[in-house]
Amino acid sequence: MTLGVAGAAAVYTLRAADDCLVLSHRLAQWSSWAPTLEDDIALTNIALDLLGQARGLYARTAELDATGRSEDDYAFLRDEREFVNCLLVEQENGDFATTTVRQLLCSTFQLALWQSLTTSTDEQLAAIAAKAVTETTYHRDHATDWTLRLGDGTAESHERMEAALATLWPYTAELFESDAVSQEASILGVGPDPESLHPEWHGYVTRVLGDATLVVPQSTWKPSGGRQGLHTEPFGYMLAEMQHLHRSFPGVTW
Amino acid sequence: MRSKGQIEHDETDVADPRELEFQALIDSDQRIEPRDWMPDGYRKSLIRQIAQHAHSEIVGMQPEGNWITRAPSLRRKAILMAKVQDEAGHGLYLYCAAETLGVDRSELIDLLDQGRQKYSSIFNYPTLTWADVGAIGWLVDGAAITNQIPLCRCSFGPYARAMVRVCKEESFHQRQGFESLYALSHGTTEQHAMAQDAVNRWWWPSVEMLGPPDTESTHSAQSMAWGIKRFSNDELRQRFIDMVAPQAVVLGLTPPDPELRWNEERGHYDFGKPDFEELRRVVGGDGPCNRQRAAHHLKAQEDGAWVRAAAAAYATKHPAASAAA
């Protein structure tokens with residue numbers, strides 16, 4: 001594959017950026033469809049935070065990979081094989097239980113990542129992380145509250161949460177995969193090797209699921225490949241929709 | 001001399017000291033607050049108007065939200081998401097303002113879903129291109145502001161206060177819409193054509209959304225007497241035209257009204273006659289998207305029912321946790 005980027009720091013930053021952009025897009029799809037007005041506002045709010053984080057990270061990636069690309073070049077002019085987000089963030093919204101579980105799993109991971117990135121040797125990443133910690137703490141709280149309500153709400157909501165967990169849990173293994181890029185980033189002090197974030201993530205998630213009367217599923221299937229640009233089929237449709245207008249008018253100003 | 005609020009009331013009403021006190025407050029431009037005594041008609045009229053306003057904000061999320069997933073740049077996407085989120089926020093304040101009159105938000109939402117309360121006719125038109133997002137900001141929000149600024153002085157306190165914040169945000173949206181259309185109009189030939197096409201389609205529905213002509217307006221006289229409405233539909237329409245006509249020149253876009261021109265003598269723009277028959281048709285349920293908007297809102301409500309039921313069940317099981325949340 002051709003990332004068009006040089007260096008572990010750039011790829012490492014781009015992975016985090018793509019995670020934020022794709023998750024933001026998925027959450028934004030809830031607009032006008034949420035179960036309450038308050039949650040319509042909350043989901044869009046989280047999506048906006050994530051979009052802001054993505055934009056900061058793309059700007060930093062462009063400096064690190066020295067390609068001079070704009071944030072829109074990253075978002076709208078790369079094909080599926082060039083996106084390096086994890087598979088979990090691209091999973092379709094499903095029902096509100098699926099979105100809630102996805103958000104709990106993602107926000108807990110992202111909060112641990114941002115907390116660690118506040119001490120990055122890359123000052124810009126550290127600055128982005130400092131702001132993102134506050135935002136992501138709220139995202140995780142929101143997901144936690146809904147996990148408790150739905151897990152320990154009605155029989156139907158409990159069943160839906162179990163189904164959502166069964167669907168999404170296998171995708172969490174990829175979050176903590178270590179590879180040459182993450183190892184080098186860790187050695188350079190750019191950011192943590194995701195592997196190191198697992199104990200904290202696992203501790204929090206299992207405690208919340210336990211409080212929500214939900215059981216952590218067992219799964220031998222550990223889908224992976226997002227960090228190498230190998231995505232799921234629905235992701236192509238998401239990008240097609242997102243990129244269509246931008247690509248229809250090449251080079252114009254919006 | 002009869003007080004201006006006493007039209008349509010018989011002598012028994014006039015004799016009611018509470019009514020006199022109520023009308024004295026309105027006549028001296030003071031605010032009526034939720035715990036104050038108020039005539040049933042005033043309460044009902046406000047519930048109807050505030051609910052319709054809230055529903056408009058909520059249904060209005062649909063046509064604009066239609067472009068969130070296709071916004072052509074990350075900057076425009078962030079602006080649009082924030083705008084649609086603001087509309088949801090406005091809906092929330094307005095439902096809360098209506099609740100101070102003794103109704104429940106869920107009742108009002110049910111009335112919307114049963115087609116027994118309306119929302120602004122303008123949201124029954126489709127957003128077919130990206131330029132429609134800019135045209136809605138410029139024209140629809142422009143018309144909304146024209147209508148809403150006088151409501152900041154409405155006689156009912158909670159509605160007036162909600163309007164102050166809503167108007168600030170709507171003014172911001174109108175400027176964003178103008179700026180977005182300006183970028184298109186001054187972009188490539190194709191972008192300019194897209195902007196002009198959007199203005200062609202949104203101009204007249206925006207002029208019409210200020211309501212039927214004064215001669216046919218059913219609620220206006222009483223609402224004005226009660227200090228809810230301050231200006232007639234036709235006065236507001238003239239204000240709107242006077243605001244946007246010169247803005248169109250700056251945008252480099254031509255409103256689809258051959259009769260639009262400055263009238264030195266009147267000190268206002270002259271404009272053509274809106275198609276009020278079309279307005280009646282769309283308000284009556286036969287606009288391009290009435291069915292789709294209603295079905296969308298109803299489906300979101302139905303899809304979310306199990307979530308709201310779960311939240312209620314959890315609150316019953318864990319009252320302390322729910323109170324803290």
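The values are calculated or read from the model by the stated rules, or taken from the named source; none is laboratory data. All of these numbers come straight from a predicted model, not from anything done at the bench. Heads up, the Cβs are rebuilt from the backbone with ideal geometry, glycines too, and the neighbour counts pull from every protein chain shown. Heavy atoms of the whole protein, side chains included, go into the accessibility calculation; ligands, DNA and RNA do not. Shrake-Rupley method; radii C 1.70, N 1.55, O 1.52, S 1.80 Å.
Within segment A:31-38, can one find any residue that is open to solvent by less than 10 Å² (accessible area, probe 1.4 Å), over 19 Å from B:LEU80 (Cβ atoms) and facing chain B (nearest Cβ under 9 Å)? So far as segment A:31-38 goes, yes, one or more of its residues are open to solvent by less than 10 Å² (accessible area, probe 1.4 Å), over 19 Å from B:LEU80 (Cβ atoms) and facing chain B (nearest Cβ under 9 Å).
Each residue in segment B:80-93 was checked for being buried (at least 21 other Cβ atoms within 10 Å of the Cβ), among the hydrophobic types (A, V, I, L, M, F, W, C) and out of contact with any Phe, Trp or Tyr (no Cβ under 8 Å at 6 or more places or on another chain), and 3 pass.
The residues of segment A:122-165 that are within 14 Å of chain B (Cβ to nearest Cβ), of a type in the set (Gly, Ala, Ser) and touching a residue at least 24 places away in the same chain (Cβ under 8 Å), listed by number, are A:ALA143, A:GLY151, A:SER157, A:ALA163, A:ALA164. I need the full set of residues from segment B:267-297 which are among the aromatic types (Phe, Trp, Tyr) and open to solvent by 40 Å² or more (accessible area, probe 1.4 Å), in order please. Result: B:TYR269, B:PHE271.
You will find that of B:ARG116, B:ARG105, the residue that is facing chain A (nearest Cβ under 9 Å) and either aromatic (Phe, Trp, Tyr) or open to solvent by 40 Å² or more (accessible area, probe 1.4 Å) (or both) is B:ARG105 and no other. When B:ALA245, B:ALA300 are checked against the criterion of being open to solvent by less than 40 Å² (accessible area, probe 1.4 Å), among the hydrophobic types (A, V, I, L, M, F, W, C) and within 14 Å of another protein chain (Cβ to nearest Cβ), a single residue qualifies: B:ALA300. From the list A:GLU90, A:GLU82, which residue is of a type in the set (Asp, Glu), in contact with a Ser or Thr (Cβ under 8 Å, 6 or more places away or on another chain) and surrounded by 24 or more Cβ atoms within 10 Å (Cβ to Cβ)? None of the others qualify; the one that does is A:GLU90.
For segment A:159-169, the count of residues that are touching a Phe, Trp or Tyr at 6+ places or on another chain (Cβ under 8 Å) and in a helix (DSSP H, G or I) is at least one. On inspection, A:THR67 passes the criterion of being open to solvent by 40 Å² or more (accessible area, probe 1.4 Å), closer than 24 Å to A:VAL190 by Cα, away from every other protein chain (no Cβ under 13 Å) and touching a residue at least 24 places away in the same chain (Cβ under 8 Å). Applying the condition of being of a type in the set (Gly, Ala, Ser) and open to solvent by less than 10 Å² (accessible area, probe 1.4 Å) to segment B:139-151 and asking which residue is farthest from B:LYS83 (Cα to Cα) yields B:ALA143. Checked against (1) within 30 Å of A:MET161 (Cα to Cα); (2) part of a helix (DSSP H, G or I); (3) within 12 Å of chain B (Cβ to nearest Cβ), A:ASN93 passes all but a single condition, namely (2).
Across segment A:96-116, not a single residue is classified as closer than 30 Å to B:VAL59 by Cβ, assigned to a loop (DSSP other than H, G, I, E, B), within 14 Å of chain B (Cβ to nearest Cβ) and in contact (Cβ under 8 Å) with a residue 60 or more places away in the chain. Of all residue pairs spaced 6 or more apart or on separate chains, those with beta-carbon atoms under 8 Å, a first member in segment A:235-249 that is facing chain B (nearest Cβ under 9 Å) and a second member that is small (Gly, Ala, Ser) and outside any helix (DSSP H, G or I) are A:LEU245/B:ALA71; A:HIS246/B:SER73.
Going by what's in this entry, would B:HIS318 be described as touching a helix residue (DSSP H, G or I) at 6+ places or on another chain (Cβ under 6 Å), closer than 30 Å to A:HIS142 by Cα, at the interface with another protein chain (Cβ under 10 Å from one of its Cβ atoms) and of a type outside the set (Gly, Ala, Ser)? So B:HIS318 fails the test.
Taking the conditions (1) under 19 Å from B:VAL282 (Cα atoms); (2) of a type outside the set (Phe, Trp, Tyr); (3) open to solvent by less than 20 Å² (accessible area, probe 1.4 Å); (4) not in a helix (DSSP H, G or I) in turn, B:ILE136 satisfies each one other than (4). Report, by residue number, each residue of segment A:117-126 that is surrounded by fewer than 19 Cβ atoms within 10 Å (Cβ to Cβ) and either of a type in the set (Gly, Ala, Ser) or not in a helix (DSSP H, G or I) (or both). Across segment A:117-126, the qualifying residues are A:THR118, A:THR119, A:THR121, A:ALA126. Checking each residue in segment A:70-79 for being open to solvent by 10 Å² or more (accessible area, probe 1.4 Å) and part of a helix (DSSP H, G or I) picks out A:GLU71, A:ASP72, A:ASP73. Take B:SER223 and decide whether it is open to solvent by less than 60 Å² (accessible area, probe 1.4 Å), of a type in the set (Ser, Thr, Tyr), within 15 Å of B:ASP132 (Cα to Cα) and away from chain A (no Cβ under 14 Å). Criteria not met by B:SER223. Please go through segment B:53-102 and give me each residue that is within 10 Å of chain A (Cβ to nearest Cβ) and outside any helix (DSSP H, G or I), ordered by number. Answer for segment B:53-102, where residues must be within 10 Å of chain A (Cβ to nearest Cβ) and outside any helix (DSSP H, G or I): B:GLY60, B:ASN66, B:TRP67, B:ALA71, B:PRO72, B:SER73.
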